[in-house]
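Just below is one structure, and these are the notes that go with it.
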Amino acid sequence: MEVGRGYGGFGALGHSVYHRELLPRLVHGSWSGKISHLATSGAHTAAITESGELYTWGRDEGEGRLGLGSGGGPGEGGSFSIPSKVNALPVPVAAANCGGFFTMALTSDGQVWNWGGENLKTFQTSSSANSNYELGRGDNKSDWRPQLIRSLQDARIIQVACGGYHSLALTDRGEVFSWGHGGQGQLGHGSRQNQKVPLVIEALAHKHITCIACGGSSSAAVADDGKLFMWGNSRDCQLGVPGLPDSQLLPVEVQFLTEDEELGPHNVISVALGASHTMCLVSRQ
């Protein structure tokens, strides 16, 4: 069962309405069976059934983030206000993640599919007209049709994460790939350059990573020894390490947690990022 509440602009709640909902209300979809996984971003949502069918709804300005066709939807701001099945996705999926203008899905055998837009107007400057390369396909073309990220086909991916304009993928070997917009260092490659295709974060190669997460323009990873690493936008202190520059270009260990006497010895289990803040779940030793 799925319920929605909050801001309903662009059909984001899936209730066929475009206004705020103050109380939770059941989302009625055409799916059969139960929903096993949910993902959401600024104005669109993805839901996966137990059988691996993917449904999306919310805003689509024509870049194709919903995977439902070109040209956007019939509603406000090019939106779909009720859940619709992504028929163009030819395989069942186990997990999904929503970025700013794109969506990513992960199959049970570790293959990554994505679709949506490159949002060419975002982050362009007078000195550079490159797009953000969110889809990791090597070009800057928007595409509503789900496609495999072919450069990851030889890896078994176990988790994916999307930021506003960048993505991470975690392999079963504990490696982390990143691609997309790098203007705040959120790719972890030591520069602000965009990355056209997935690239291993070499700065984490000495660790076996078990969990990844993206904020709007920051990133995080948890290692199997319980250590937390973060990088990217640090302007609002969301990386949890005092004295960092506004853009942290390489992963840095969040060591301040070890100084919390009340918490005591512990390991980080998982991490979640918002646009400008971070939360982590820890187990005490």
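The values are calculated or read from the model by the stated rules, or taken from the named source; none is laboratory data. Here the structure is a predicted model, which is why all the values come from computation and not from measurement. Counting neighbours? That spans all protein chains shown, and the Cβs are built from the backbone with ideal geometry, glycine included. Surface accessibility is based on the protein's heavy atoms, side chains included, excluding ligands, DNA and RNA. Shrake-Rupley method; radii C 1.70, N 1.55, O 1.52, S 1.80 Å.
Name the residue that is most open to solvent (accessible area, probe 1.4 Å), counting only residues in segment 167-197 that are of a type in the set (S, T, N, Q), part of a loop (DSSP other than H, G, I, E, B) and within 19 Å of ASP139 (Cα to Cα).
GLN193
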All but one of (1) modelled with pLDDT of 95 or more; (2) over 22 Å from the mean Cα position of the chain (by Cα); (3) at positive phi hold for GLY243; which doesn't?
(1)
Of the residues in segment 146-165 that are under 15 Å from VAL93 (Cα atoms) and open to solvent by 80 Å² or more (accessible area, probe 1.4 Å), the one that is farthest from the chain's Cα centre (by Cα) is ARG156
Collect the residues in segment 64-79 that are surrounded by 23 or more Cβ atoms within 10 Å (Cβ to Cβ) and not small (Gly, Ala, Ser), keeping them in residue-number order.
ARG65, LEU66
Any residue at all in segment 175-195 that's under 16 Å from the mean Cα position of the chain (by Cα), modelled with pLDDT of 95 or more and among the hydroxyl-bearing types (Ser, Thr, Tyr)?
yes
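Listed here are the residues, each with its yes/no results for (1) within 16 Å of ASN132 (Cβ to Cβ); (2) touching a residue at least 40 places away in the same chain (Cβ under 8 Å); (3) touching a Gly at 6+ places or on another chain (Cβ under 6 Å).
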position: GLU175; (1), (2), (3): no, no, no
position: GLY182; (1), (2), (3): yes, no, no
position: SER191; (1), (2), (3): yes, yes, no
position: ILE201; (1), (2), (3): no, yes, yes
position: ASN233; (1), (2), (3): yes, yes, no
position: LEU239; (1), (2), (3): no, no, no
position: LEU244; (1), (2), (3): no, no, no
position: GLN255; (1), (2), (3): no, no, no
position: CYS280; (1), (2), (3): no, yes, no
Restricting segment 90-121 to residues that are open to solvent by 20 Å² or more (accessible area, probe 1.4 Å) and of a type in the set (A, V, I, L, M), which is nearest to GLY64 (Cα to Cα)?
LEU120
Out of the strands (runs of 3 or more DSSP E) lying entirely within segment 58-109, which hold 3 or more residues that are at pLDDT below 90?
79-85
Check whether at least one residue in segment 234-243 is open to solvent by 10 Å² or more (accessible area, probe 1.4 Å), touching a Lys or Arg at 6+ places or on another chain (Cβ under 9 Å) and either acidic (Asp, Glu) or outside any helix (DSSP H, G or I) (or both), and report yes or no.
no
How many residues does segment 18-49 hold that are at pLDDT 85 or above, within 27 Å of LEU273 (Cβ to Cβ) and not polar (S, T, N, Q)?
9
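Residues are listed down the side, and each one gets a yes or a no for (1) modelled with pLDDT of 95 or more; (2) out of contact with any strand residue (DSSP E or B) (no Cβ under 7 Å at 6 or more places or on another chain); (3) of a type outside the set (A, V, I, L, M, F, W, C):
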position	(1), (2), (3)
HIS208	yes, no, yes
CYS211	yes, no, no
ASP224	yes, no, yes
PRO251	yes, no, yes
GLU259	no, yes, yes
ALA272	yes, no, no
